[in-house]
Each structure stands twice: as structure tokens, then as C-alpha cells.
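See below for the structure under consideration.
The values are calculated or read from the model by the stated rules, or taken from the named source; none is laboratory data. Since the model is a prediction, treat every value here as computed from it, not as a measurement. Heads up, the Cβs are rebuilt from the backbone with ideal geometry, glycines too, and the neighbour counts pull from every protein chain shown. Accessible surface is based on the protein model in full, side chains and every heavy atom, while ligands, DNA and RNA are left aside. Shrake-Rupley method; radii C 1.70, N 1.55, O 1.52, S 1.80 Å.
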Amino acid sequence: MPAELACQRLDEDGLAVLRVVGSLTLATAPHLRTSALKCLADQPDAVVVDATRLSVPDDIHLTVLIAAARHAAAWPGVPLIVCAPPPPLASALARLGVDRYIEIVRDFSEARAHVKARELAPHIRAKFAATAGAVAGARRLVVDACTGWRLDHLTSSARLVMSELVTNAVVHAGTPMDVDVHRRGRYLHIAVRDFDPHPARLVGPKSETAPGGRGLLLVDTIATAWGCTPTVDGKVTWASFTSRISRFG
Amino acid sequence: MAVVSVRGELDLSTRELLLRVLTDALRGDVVDRVEIDLAELEFMDACGVSAFLSFRGQAEAEGKTIALRQATGLPLRVLAMTGVLGVLGAKADDATGQGHAG
């Protein structure tokens, strides 16, 4: 462990609290990253970085927090929260737009309130075996979610993208999968977690008439955003849709 | 010419069945063309596109032709977005169901 930065883990009430003391630099950033990922691997309700005694001499090293937040976002349910940053750090986080990826709160009670609000957000999860029937099952799940949450204008897009993501999990990963659908603000997120580490890649068809390679092409065309993120035991392929714009249907 | 009508949802779990039926329709010396009517196809994903392209290749190897007709709604948009309307013989007119009485 680099001497200038100490990461101490103190868990409470299902939250993984990471107290970070010292200076975040090029040399110490990997240590913070590893510590944050270790916390995430346990799937707590949230990872709270206690930044009370953290200093960041150079803005550039804050990207380690963005990277960790992206990793956390891959499997919905584990937000990364930065708690009580000193004023210079708080302004640096705002300057870099880090607050778009990470919730920044003043104290622990605000962090807990944030986690609570998140738990109450509309959320559906289901497990499927790696069978061809999983594809239609997951489609029904997202269609029901869109209907229930009054996102009818997103139904076609979400249904088709879900079909592609689950087909890939069945055909390429061949492992059981967890499917997650949730709404946050004006976004609908769908995510399919499998237990095969090989990432989903957009390759495209080999020729105009070659049968394969169009699934992720459709996902890329239709979803507002999509991606594939590794987890400790596999990967999560996800897509999101804004509820204001429908690019399909 | 043979015509095969497809109804319901075309995905990973139904593509093999579709391909079996299409292959049967293509069999025999008298059939030189198979048209696939999608008027009642409610859903299809990239598996469907892949099935139609596989079938196209199979027909071509036997010197035969295939064409999609009457695609509408979501299936039509999937065919358009994947850029296969042309190679699958679904002209814009056919696809919108305005032409081609077949």
C-alpha cells in the first residue's frame, strides 16, 4: 500500500464504507481503485467513499472515481457515493462533471437517504436458464415493465434490445443469467448479467448476405446507450433508453 | 412458386421450425421460388434476419430465389435497420403491403 493513501473499510447497515485518507496521485490511484472494486464485489447496497480526509492535488486523478463508478453501474444496485468531500475536492468534482456519474453527499445521513430513494425506484429482476425460451420470457418482462411504468413509447425498442441481449447470453455465454429492468428518472435501463467473461463486441456482418452479426448492430442503432462491463464472475451487457426520445417504433 | 405465411414471434426459439418449413417448401423440382408472407408476423429480432439470409443462401445454391412480402410494423423496421430489405427481395412497395398481390 502506498504510504500517502490509506483505504480503510468500515461497513455499516449494508453500506460498504471506504474511508480514504491521504493524497490521490498517480501512484496512489490504483490502490483506491482496487479497494473500491473489492467493496463492489461484495454487492453491498452502496459503496460510500468517505472523502473527509482525501486531498486531490491534480484533477486528472479523479478519473479513477469515474472508472469505479462505471464499473459499479454495470450491475445496477450498487451506487458509488462520495461522502463529505472537503470544499476544494467538491469543486474539482463539479468541475470535471464527476457528479454526473457519482452521487456526492454532505454526510452519512444524506448517503443513506439516497440509497433508500434508490431502493424505492421501479425495479424488476428475474433469473433465466440458458434456453431459447429465456428470450421470449425476458421480452415479456420488459414489455410488462414498460406498460406498468407508462413507458409505452419505449416498448418496441426495449423489447427488441432485450431480445438481442438475452439471445447473446444464451448462444454465446451459455450460462444462467440475471435480467434487470429499472427506471431511473427519465431513463429505462435493461441489463443482462451472465457468467462468461468474454465481452460482447459489435463486429457486424461479414457481408451484405452473411447471416450473422446483426444483433448488436440493432442494439447500437436503437438504444440511447449500451455497453458491456466485466464483473468478478462474468459480465453485464446493458442498454438504456431515454423516455423522451424513442429512436425506434 | 410456393408461399409460406409466418405468424407470431420469430426468435431463437422459433427460427429452427421456420427453417424446416421453408426448406420443405423449397424441395422438389417444380418449386423455383419461395415467397414468405410476413403480414401476420408480430415480432422478429436479428435471429429472424439471420434465418431469412440462411434460407436465401440455401435457395441460391439450388438456383432458386426467395422473397419476403408484406412485412409490416416491427419486423419491417428490423429488416430496414439491418439493411437486408434489398437482398431479401422485399422492395419498399412489397414491404409496406401496397403492391405485389403475389
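One table, with the values for the structure above:
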quantity: Percentage of interatomic Cα-Cα distances in the range A:104-209 larger than 23 Å; calculated: 40 percent
quantity: Cα radius of gyration and Dmax for the range A:1-97 (Å); calculated: 12.3, 33
quantity: Two-decimal Rg to Rh for the range B:3-96 - Kirkwood Rh, Cα set; calculated: 0.93
quantity: Cβ crowding within 10 Å averaged over residues, with B:26-32, A:190-196 ranked highest first; calculated: A:190-196, B:26-32
quantity: Area of A:Cys83 that stays accessible when all protein chains are in place (1.4 Å probe, Å², to 10); calculated: 0 Å²
quantity: Net dipole in debye of the range A:1-101 [+1 Lys, Arg Cβ; -1 Asp, Glu Cβ; about Cα centre; nearest 20]; calculated: 240 debye
quantity: For B:34-40, mean number of other protein chain Cβ atoms within 10 Å; calculated: 0
quantity: Degrees separating the helix A:63-74 axis from the principal Cα axis of chain A, which is the longest one; calculated: 40 degrees
quantity: Positive dipole terminus of the protein assembly as shown, leading residue within A:Ala29, B:Val84, A:Ser156 (C-beta point charges); calculated: A:Ala29
quantity: Part-to-part distance (alpha-carbon centres) for the range A:1-47 and the range A:94-120, which is given in Å; calculated: 17 Å
quantity: Fraction of alpha-carbon pairs over 35 Å apart in the protein assembly as shown - percent; calculated: 36 percent
quantity: Per-residue average of Cβ from other chains inside 10 Å of B:43-56; calculated: 6
quantity: Helical segments meeting 20 Å axial Cα length and Kyte-Doolittle 1.0 threshold in chain B (DSSP H); calculated: none
quantity: Dipole in debye (nearest 20) - the range A:169-249, about Cα centre, beta carbon charges: Lys, Arg +1; Asp, Glu -1; calculated: 420 debye
quantity: Shielding by partners, peptide A:206-213 (average Cβ within 10 angstrom, other chains); calculated: 5
quantity: Dipole magnitude of chain A, debye to nearest 20 (Cβ charges: Lys/Arg +1, Asp/Glu -1, about Cα centre); calculated: 660 debye
quantity: Computed label-point distance, nm, for sites A:Leu26 and A:Lys38 using a 7 Å Cα→Cβ extension; calculated: 2.5 nm
quantity: Cα-based helix-to-principal-axis angle, A:108-120 vs chain A, degrees rounded to 10; calculated: 10 degrees
